[in-house]
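Data block below; observations after.
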Amino acid sequence: MRANDKSVRDTADEHVDVWGDELPWMDPVQEAIIVRLAVLGRHLTQARRAALTDGGLEHGQFKILLALRRGGPPYTASPSELADRLGLTRGALSARLGPLEEARLIERGTEPGTDRRRVRVRLTEAGDAAFERHATTENRGEAALLATLTPDECAILADLLRKLVLQADQAL
């Protein structure tokens, strides 16, 4: 299938057809791009939810494992560091840590030789394995979505999306 093959239509084409009649000022190419980005965003969100469900994790729990893993070895952080990274209050973070600790995906404790009041959250081997399972499953779904594109097309798309993201970030 060629991208410029007008005989192959998607839901964005149908959307543009309907709104093109109602909104003659609408740029059909712009609208098709935005609709397609929204459709792909929904597909990615659904695939990520399915990966979480398959892995037995909730979104907030995975985000904590991700934040610990992103920090690099030894995969530890203070609760306040984690709350800041995740944009959570200390209370909201504490509520999320409890189930992860019960599942033995994280441990809370003090580091030897430090102030006993300074708590650290550490990713356990089981937590690291849960993170890896989820990230691998999520990656397979993302790769399947992009499989229709050649490596060159993926590189071009990545460059074009970077340009859009940089512009959007500057507008903030």
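The numbers here are math on the coordinates, done by the rules we state, and not lab data. Quick caveat, the model's predicted, so the values are computed rather than measured. Neighbour counts run over all protein chains shown; Cβ positions are idealised from the backbone, glycine included.
What do you get for Rg/Rh over the stretch 72-142 if you use C-alpha atoms and the Kirkwood form of Rh?
Working: Rg = 13.4 Å, Rh = 13.2 Å.
Across the stretch 72-142, the Cα-based Rg/Rh ratio is 1.02.
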Inset, instruction - Within the stretch 131-156, find all residues whose amide N lies under 18 Å from a label point positioned 7 Å from the Cα of Asp10 along Cα-to-beta-carbon. - result: 141-156
Legend entry - Distant alpha-carbon pairs in the stretch 1-98 (separation over 18 angstrom), percent: 65 percent
Legend entry - Percentage, to the nearest whole number, of Cα pairs in the stretch 9-55 over 18 Å apart: 42 percent
Legend entry - Projected-area average for the chain over all orientations - Cα convex hull basis, square nanometres: 14.1 nm²
Inset, instruction - Please turn the phi angles of the stretch 155-165 into ³J(HN,Hα) values with the Karplus equation 6.51 cos²θ - 1.76 cosθ + 1.60 (θ = phi - 60°), one per residue in order, whole Hz, x for glycine and proline. - result: 5, 5, 4, 4, 5, 5, 5, 4, 4, 5, 5
